[in-house]
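**Student:** Have a look at this one before I ask anything.
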Amino acid sequence: MFIGLALGELASAAPTSGGLYFWTYKYASPDWRNLLSWIVGYSNTMGNIAGVASIEWGCAVQLMAAVSIGSNLTFTPTTGQIFGVYAALLVLNGIVSSTATRLIARLQGLYIVLNVLLCLSIIIALPASTPAEFKNTASYTFTGFVNLNGWSSGFAVVLSFLAPLWTIGGFDGPIHISEEASNASTAIPWSIVSAIGIASILGWGELAHFLIVSSYFYGD
């Protein structure tokens, strides 16, 4: 949230699609601004590219898993088939992103509602449909530590920060459409802070409920 507040403050003072690299150039020392702006700009760009790629790949895997489950596991997707769906999703995203701003805004509103409803349905349905004997205790859920990989426990803790880092990588998303937004100096900071707040609450709720019922799916 502190990162989001800082980004919101900068977006309010200087709303521009350049965002991070522009602010770096504007506020950095004249001796370092060119190098720092170049580093920030390219790292931000690579992060956005990797973020979109990871989202589409995850979506492709889930879609093919749904097809496999729907076929009663008679269909097993190959890596090539999953990659084909992944490529199609990238093209579809590019087409949608190239449409009129008004249409994208309406789609965003629809997707926000669907995402919130999906999160709430998971939070409600998981504990309601899991037998009581398979639910973990609150003590285990919130204080237990289980290392299921081959790394040391200390490094496993470090790896666990990859998920929040992946989320933080998208905090600056609204900034890059500042020049398409109405009243950007207010709308952009509000969108950043509200998105982080809502995602934190719903994300924490989902993860907590996944952990509560994890023994039902993975065993003790």
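**Student:** Would you tally the residues in the stretch 76-131 being closer than 27 Å to Phe210 by Cα, of a type in the set (A, V, I, L, M, F, W, C) and without any contact (Cβ under 8 Å) to a residue 40 or more places away in the chain?
**Tutor:** Qualifying residue count, the stretch 76-131: 10.
**Student:** If you don't mind, there's one more thing I want to ask. Could you grab me the full set of residues in the stretch 66-88 that are at pLDDT below 95 and either charged (D, E, K, R) or within 23 Å of the chain's Cα centre (by Cα) (or both)?
**Tutor:** Hit for the stretch 66-88 is Ala66, nothing else.
**Student:** Another question, then. Checking Ala105 against (1) of a type in the set (Gly, Ala, Ser); (2) more than 26 Å from Glu206 (Cα to Cα); (3) at pLDDT 90 or above; (4) surrounded by 10 or more Cβ atoms within 10 Å (Cβ to Cβ), which single condition isn't satisfied?
**Tutor:** Ala105 satisfies all of (1) of a type in the set (Gly, Ala, Ser); (2) more than 26 Å from Glu206 (Cα to Cα); (3) at pLDDT 90 or above; (4) surrounded by 10 or more Cβ atoms within 10 Å (Cβ to Cβ) except (3).
**Student:** Same structure again: Has the stretch 180-189 got at least one residue that is among the charged types (D, E, K, R) and in a helix (DSSP H, G or I)? Break it down into steps so the answer makes sense when it comes.
**Tutor:** Going residue by residue through the stretch 180-189, those that are among the charged types (D, E, K, R) are 180.
After this cut, where a residue has to be in a helix (DSSP H, G or I) as well, the list is 180.
The answer is yes; a qualifying residue exists.
**Student:** So, in the stretch 53-90, how many residues would count as being among the β-branched types (Val, Ile, Thr), part of a helix (DSSP H, G or I) and exposed (fewer than 10 other Cβ atoms within 10 Å of the Cβ)? Lay out the reasoning, then the answer.
**Tutor:** Of the residues in the stretch 53-90, the ones among the β-branched types (Val, Ile, Thr) are 55, 61, 67, 69, 74, 76, 78-79, 82, 85.
Add one more test, that the residue is part of a helix (DSSP H, G or I), and what stays is 55, 61, 67, 69, 79, 82, 85.
This time we only want the ones that are exposed (fewer than 10 other Cβ atoms within 10 Å of the Cβ), so: 79.
Looking only at that region, the number is 1.
**Student:** Being farther than 22 Å from Pro189 by Cα, modelled with pLDDT under 90 and under 19 Å from the mean Cα position of the chain (by Cα) narrows it down to one of Ala60, Ala50, so name that one. Let's see the steps before the verdict.
**Tutor:** Numbers: Ala60 fails: modelled with pLDDT under 90.
Residue meeting the stated conditions: Ala50.
**Student:** Given Tyr25, Tyr42, which one is more than 26 Å from Gly203 (Cα to Cα), of a type in the set (Phe, Trp, Tyr) and loosely packed, with under 13 Cβ neighbours inside 10 Å? Don't jump to the end; show me each part of the working.
**Tutor:** Details: Tyr25 fails: loosely packed, with under 13 Cβ neighbours inside 10 Å.
Just one listed residue meets the conditions, Tyr42.
**Student:** When the residues of the stretch 1-31 are filtered to those that are among the polar types (S, T, N, Q) and free of Cβ contacts under 8 Å to residues at least 40 places away in the same chain, which remaining residue is nearest to Gly197 (Cα to Cα)?
**Tutor:** Within the stretch 1-31, the subset among the polar types (S, T, N, Q) is 12, 16-17, 24, 29.
If we keep only those that are free of Cβ contacts under 8 Å to residues at least 40 places away in the same chain as well, we get 24, 29.
Values: Thr24: 26, Ser29: 33 Å.
Once the filter is applied, the top-ranked residue is Thr24.
**Student:** With the condition kept exactly as written, say whether any residue in the stretch 162-175 is in contact with a Pro (Cβ under 9 Å, 6 or more places away or on another chain), assigned to a helix (DSSP H, G or I) and under 22 Å from Gly47 (Cα atoms).
**Tutor:** yes
The values are calculated or read from the model by the stated rules, or taken from the named source; none is laboratory data. Not measured: the values here are computed from a predicted model. We place every Cβ from the backbone using ideal geometry, glycine too, and count neighbours over all the protein chains shown.
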